[in-house]
Amino acid sequence: MEEKYVGRKFRTEFRSDTPPEDSRIYEIIDLGMRFSKMGLLPAEKGGHAGNFSFRNNRGFVITAGGVDKGSLKPNDFVQVLRCNTDIKKVTAEGSKQPSSETFAHHLIYSERLDVNAVIHVHDSAVLEKMDKLKIKKTEKRHPYGTIELAEDILKSLGKAKYIAVRGHGVIAVGKSLWEAGKLVETWHNAAVHI
Ligand SMILES: [Zn+2]
């Protein structure tokens, strides 16, 4: 999609500027380095591609928007406490703005109680070969960061764990970051070798 990155399409109310602490943050830092080396987290459209999150007992923790996911630091993470899609507002804790795709992660965690981790990367190899690979895909293209995109992802994903987002990238979900990360790698390798 040729749309330029212009920031988040919701406002964030911060309850505190303290970033979350959790060992899974270090799992994401490692995955970010790994997927960056694989070319799945390119700098593009004035921002940086990709976002990672995991569920916790207060909501979910997500990567900050606009930061390079190939060299994440512990303060590049935001605790999301609540999302209100009607008034486009996110309530959070942290020192940076949450990912522009926070609503997509929110809808997945709300509807898919089996999911504890969500990973979004820009895998051009999978997008090129999505028909050949016979993977699920969103119904149509939407501007990034919109509720329409988030709803299409949720509906098209159904009970599956991996989906191509038309003209954009892919989303993998799992019980753990390890499971979602494994799906990203497995489908990337399938796309490269088909
Ligand atoms: Zn993206």
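A short reminder: the numbers here are calculations on the coordinates, not readings from a lab. As the structure is a prediction and not an experimental result, all values here were calculated from the model. Using ideal geometry, Cβ is built from the backbone for each residue, glycine included, and neighbour counts are taken over all protein chains shown.
In this simple spin-label model, placing a label point 7 Å from the Cα along the Cα-to-Cβ direction at both SER124 and SER110 gives a separation of 3.4 nm. Report for the chain the percent antiparallel among DSSP-assigned beta bridges with both residues inside it, nearest 5. Approximately 85 percent, going by the DSSP bridge assignments.
Above 17 Å, the calculated P(r) of the stretch 62-128 contains 48 percent of its Cα-Cα pairs.
Annotation: peptides 153-163, 111-121, 127-137, ranked by per-residue average of other Cβ atoms within 10 Å with the highest first, follow the order 111-121, 153-163, 127-137. Checking the cross-link pairs LYS134/LYS155; LYS73/LYS155; LYS9/LYS69; LYS45/LYS159; LYS88/LYS140; LYS69/LYS134 against a 25 Å limit on the alpha carbon distance flags LYS73/LYS155; LYS45/LYS159; LYS69/LYS134 as lying beyond it.
For the chain, a simple Cβ point-charge model (Lys and Arg +1, Asp and Glu -1, everything else neutral) yields a dipole of about 320 debye relative to the Cα centre.
Place +1 on the Cβ of every Lys and Arg and -1 on the Cβ of every Asp and Glu in the chain, take the dipole about the Cα centre, and give the residue among VAL80, PRO19, HIS188 whose Cα lies farthest towards its positive end. After comparing all options, I get HIS188. Just to be sure I understand: with springs between alpha-carbon atoms less than 10 Å apart, which residue in ASP123, ASP68, ASP22 has the highest mean-square fluctuation in the Gaussian network model of the chain? Result: ASP22 has the largest fluctuation of those listed. Each Cα pair under 8 Å and six or more residues apart adds its separation to the average, and for the stretch 11-193 the resulting relative contact order is 21 percent.
For the chain, take the longest principal axis of its alpha carbons; what is the angle in degrees between that and the long axis of helix 147-157, to the nearest 10 within 0 to 90? Taking the Cα atoms of the chain, the angle to 147-157 is about 50 degrees.
In the chain, a dipole from Cβ-located charges (positive for Lys and Arg, negative for Asp and Glu) runs towards its positive end, and of ILE135, ILE29, SER100 it is ILE135 whose Cα lies farthest in that direction. When the square roots of the Cα gyration tensor eigenvalues are ordered a ≥ b ≥ c, the ratio a/c for the stretch 48-194 is 1.5 or more and a/b exceeds b/c, which makes its shape prolate. Near ARG11, within a Cβ-to-Cβ distance under 11 Å, what is the net charge of the other residues, with Lys and Arg +1 and Asp and Glu -1? Taking every other residue near ARG11 into account, the sum is +3.
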